[in-house]
Amino acid sequence: MAFSGAYGIDLGSSNIKIFTKGNDSIFCEKNMIAIQNKNELFAYGDDAFEMYEKAPGNISITYPLSSGVIADIKNMQMLVRNFITDLNNGTIKAADYYIAVPTDVTEVEKRAFYDLIKKSNVKAKKVMVVEKAIADGLGLDIDVKNSQGVLVVDVGYETTEISILSLGGIVVSKLIKVGGKKFDESIREAIRREYNLLIGAKTAEQVKMSIGELVASGEDCIVYGRDIVTGLPVERGIPTNLALSCMQEDFNSIIDYVKIILERTPPELAADVYRKGLYLTGGASQVHSFAELLSNGTGLKVNKATRPIESVALGIGRIIQDDNYKSVAYSIEGINGGN
Ligand SMILES: Nc1ncnc2c1ncn2[C@@H]1O[C@H](COP(=O)(O)OP(=O)(O)OP(=O)(O)O)[C@@H](O)[C@H]1O
Ligand SMILES: [Mg+2]
């Protein structure tokens, strides 16, 4: 029997998620690569992330994706090839590929996702493209083909994508450069400003993710960093409230954009959105209090994803599994995206 493998890929600015047909599982690792002496692969994925901010100068650790689009094609190809090889226990078999793309980018940037798979030497039989917001909708268990006026807000690492879907297509979509990374930076900046303390990006991320627990227990958050004045490493308690309040501006910029999208939505669809409420997903959408603030700011009920990091990959999985949804994926073969 011919092997009819298929993969669904969601390349995120922080995490790469790959759905594998057959075992129907989702693989998730950091979309990161460590290169030694300018051209030797040293580590990739979670292993590269582990070394981040700790590696010596001859090892450069980077994300090949920037603000949702491919910035470093060569390293992105190397990552895709390595991950697919690992998922296949060391060999690569011919398979179909479904890749999610953001909507609010140029045709050239979209085509780069298609070319990436074609040129990664992963024996792609067929490469199909799916708009991320559509995949998100399917991953959130919405029957996107028959639903009208669905508002999806995906808060990722470097981006937030705000989209209105209707009848299997996208009515409006806006990609803004605010997400979990910006939240971490606001926390770092506030701790530096208020306590003369420099903390690393991973520490800031941990603070962000622990706010909910700390608020519940009434504890301060304990951070390790370097005192700017003495230059020495120190441990300090930081009021949880500072970590939360310093992200308000970032939260507001997302909420303001959601309102702008609502203003641009045709009235009939806006009525549907109002009835259903909005759908919130993406890893950083889990940050403490954001869902409530978004609900208050827009006057809409907020439906939260149960698996926010994976919802795009889950949606691509549904397209791969269910022929009824194949029509939302398309091919861009033959389209000249170069001009
Ligand atoms: N429990 C949590 N609370 C708050 N933030 C979280 C939590 N879990 C993960 N995150 C954040 O989610 C972000 C990663 O989410 P996700 O994987 O959806 O992004 P991405 O798809 O890689 O990025 P993008 O969509 O912008 O390209 C990180 O900033 C991470 O810190
Ligand atoms: Mg994402």
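Per residue, what volume in Å³ does the Cα convex hull of the chain take up?
Here the figure is 150 Å³ per residue.
Can you give me the relative contact order of the chain as a percent, contacts being Cα pairs under 8 Å and 6 or more apart?
For the chain, the relative contact order is 19 percent.
Quick one: check the C-alpha center-to-center distance for the range 6-23 versus the range 132-188, whole angstrom.
17
Antiparallel DSSP bridges in the chain: what percent, to the nearest 5?
Roughly 70 percent of the DSSP beta bridges within the chain come out antiparallel.
May I ask you to list the GluC sites (Glu not before Pro) in the range 8-112 that are in a DSSP loop and have at most 14 other Cβ atoms within 10 Å of their Cβ?
Listed in order of number, the matching sites are Glu53.
List every residue whose amide H lies under 5 Å from the amide H of Glu29, counting only residues 5 or more places away in sequence or on a different chain, with H placed 1.01 Å from N in the peptide plane.
Ile16
Any of Lys132/Lys208; Lys145/Lys181; Lys74/Lys123; Lys30/Lys208 with alpha carbons more than 21 Å apart? Name them for me.
Beyond 21 Å between Cα atoms: Lys132/Lys208; Lys145/Lys181.
Taking a quarter of the surface of the convex hull around the Cα atoms of the range 180-245, what do you get in nm²?
For the range 180-245, averaging the hull's shadow over all directions gives 3.9 nm².
Using +1 at the C-beta of Lys and Arg and -1 at the C-beta of Asp and Glu, which of Ala270, Asn296, Ser66 has the Cα lying farthest in the positive direction of the dipole of the chain?
Ser66
Under 10 Å, Cα contacts only: if you run a Gaussian network model on the chain, which one of Gly212, Gly90, Gly139 comes out with the highest mean-square fluctuation?
Looking only at Gly212, Gly90, Gly139, the largest GNM fluctuation is found for Gly90.
With r as the distance between the Cβ atoms of Asp24 and Lys174 and R0 = 30 Å, compute the FRET efficiency 1/(1 + (r/R0)^6) and round to 0.05.
0.40
Please find, in a Gaussian network model of the chain (springs between Cα atoms separated by less than 10 Å), the residue of Ser13, Ser245, Ser173 whose mean-square fluctuation is greatest.
Top of the fluctuation ranking is Ser245.
Can you work out ³J(HN,Hα) from phi for every residue in the range 62-72, in order, using Karplus 6.51 cos²θ - 1.76 cosθ + 1.60 and θ = phi - 60°, giving whole Hz and x for Gly and Pro?
My calculation for the range 62-72 gives 9, 9, x, 9, 9, 6, x, 10, 6, 9, 10 Hz in order.
Can you compute 3J(HN,Hα) from phi for each residue in the range 315-331, using the Karplus curve 6.51 cos²θ - 1.76 cosθ + 1.60 with θ = phi - 60°, rounded to whole Hz and x for Gly and Pro?
Listing the rounded values in order: x, 5, x, 5, 5, 5, 7, 10, 4, 4, 9, 4, 5, 7, 9, 9, 9 Hz.
Per-residue HN-Hα couplings for the range 292-304, Karplus 6.51 cos²θ - 1.76 cosθ + 1.60 at θ = phi - 60°, whole Hz, x for Gly and Pro?
Running phi through 6.51 cos²θ - 1.76 cosθ + 1.60 with θ = phi - 60° gives 5, 5, 5, 5, 5, x, 9, x, 10, 5, 10, 9, 8 Hz.
With +1 on each Lys and Arg Cβ and -1 on each Asp and Glu Cβ, how big is the dipole of the chain about its Cα centre, in debye rounded to the nearest 20?
So the magnitude is around 760 debye.
Since every read-out is calculated from the coordinates, none of them should be taken as a lab result. Owing to the predicted nature of the structure, the values given are computational and were not obtained by experimental measurement. We place every Cβ from the backbone using ideal geometry, glycine too, and count neighbours over all the protein chains shown.
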